[in-house]
Amino acid sequence: MSARRSTVVITGAGSGIGRATAEAFAADGWDMLLIGRRTEKLQETVAGLNNSDCATIAALDVAEPGAMKNAVQAFAQKKGGIEALVANAGINPQRANAIDTTDEFWDETLRVNLTGTHRSCQAVLPYMQKAQAGAIVTLGSIAGQVGMIDRAAYGPSKAAVIEYTRNLALDFGADHIRANCVCPGFVITDINRDWLEALPKDAHAQLVGKHPLGLGTPEDVAATILFLCQPGSRWISGVDLSVDGGYTAQ
Ligand code: NAP
């Protein structure tokens, strides 16, 4: 009989950073539950893996009450536990200041980014507590660490995720559960591609110039996420780690 593989739940795994994270964990030999709303995007992620037998998919809304809990329960029972969570699903539906931010987009941004992260963590924590071990990585943003123009809803939602993660680290440290927040700089994915392409040339160059190392890739972020779930990071908890090519150094 083959040895049990470590298990990870990755939300927002149908594209961008979540997809690259699934690829990184698959290459590292994990068993994965991949979550997103669109089945076809999750299937695309699985089709791109070297070993597709290590992935289970579930199409659901992370912020919907009970949805994550049910999916995680089924997966944990089948696999015998959950070692890690990457709470990566997130949206940035409106880039606007406080006057122009609509109620609809304010509510939806907080619902998905903050409530969705909370419900994802709440779903895995009992299994980690039972095992007295676990690693949680949430996705913040540099927009949650420093001020950014036209991020009146997104920035605060990500700052709240950073603070939420610190609370997890304190509340569950005694259970040997680690919680860290990865805060990417600009990485071109579905969340920002159209917006970035529509920027005037000089504004685009200015944005790129704020990253001393240039823009990053989903794989750059995924490598850090994987590290934060591996034994080599066993004494790291409660940090918000900028993965931003130097953006927040200024
Ligand atoms: P992305 O390609 O748009 O990925 C976001 C993923 O989240 C999508 O696959 C989406 O799939 C899923 N998702 C959105 N709402 C969901 C919901 N309610 N329930 C379940 N899944 C949901 O963008 P990304 O850049 O990879 O973003 C990943 C994370 O990194 C986000 O939290 C984002 O805020 C953060 N981040 C990104 C950047 C950047 O520059 N790219 C910078 C800082 C932080 P479905 O639509 O199929 O559900």
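Rule-based calculations on the coordinates, nothing more; no lab input. All values reported here derive from a predicted model rather than from experimental measurement. Because the Cβ atoms are built from the backbone with ideal geometry, glycine has one as well, and the counts that use them run over all protein chains shown.
Note down, for segment 1-64, the three equivalent ellipsoid semi-axes (square root of 5 times each alpha carbon gyration tensor eigenvalue), biggest first, whole angstrom. All intermediate terms of the calculation are to be shown ahead of the outcome.
Numbers: eigenvalues 74, 30, 19 Å².
Over the Cα atoms of segment 1-64, the ellipsoid semi-axes are 19, 12, 10 Å.
For segment 144-250, what's the relative contact order in percent, using C-alpha pairs closer than 8 Å and at least 6 residues apart?
35
How about residue 210: which lysines have a C-alpha closer than 23 Å to its C-alpha, ignoring those fewer than 8 places off in the same chain?
158, 201
Counting only residues 5 or more places away or on other chains, whose amide H sits under 5 Å from the amide H of residue 9 once H atoms are built in the peptide plane?
33, 84, 85, 86
Karplus couplings for segment 237-250 from phi (6.51 cos²θ - 1.76 cosθ + 1.60, θ = phi - 60°), rounded to Hz, Gly and Pro as x?
Going residue by residue, I get 8, x, 9, 10, 9, 6, 10, 9, x, x, 3, 7, 6, 9 Hz, with x marking Gly and Pro.
Restricting to Cα atoms and excluding each atom paired with itself, what does the Kirkwood estimate give for segment 1-134 in Å?
Computed over Cα pairs of segment 1-134, the Kirkwood hydrodynamic radius comes out at 15.3 Å.
Please give, to one decimal in nm, the separation of the simple spin-label points placed at residue 175 and residue 198, each 7 Å out from Cα toward the Cβ.
Distance between label points: 4.3 nm.
Order by neighbour count: 100, 220, 31, 244, fewest other Cβ atoms within 10 Å first, most last.
100, 220, 31, 244
Mind listing P(r) for the chain? All alpha-carbon pairs, 10 Å bins, whole percents.
Per 10 Å bin, starting at 0, the Cα pair percentages come out as 8, 33, 38, 18, 4, 0, 0.
Kirkwood hydrodynamic radius, computed over distinct alpha-carbon pairs, for segment 114-250: how many Å, to one decimal? Before the final figure, lay out the partial values.
Working: mean 1/r = 0.0631 Å⁻¹.
Roughly 15.8 Å, rounded to one decimal.
Taking only the alpha-carbon atoms of segment 209-250, what semi-axes of the equivalent ellipsoid follow from 5 times the gyration tensor eigenvalues under a square root, in whole Å, largest first?
Numbers: eigenvalues 101, 32, 7 Å².
The answer is 22, 13, 6 Å, longest axis first.
Taking θ as phi - 60°, what are the ³J(HN,Hα) couplings along segment 177-187 by the Karplus curve (6.51, -1.76, 1.60), each to the nearest whole Hz, with x for Gly and Pro?
9, 9, 9, 9, 10, 8, 10, x, x, 6, 10
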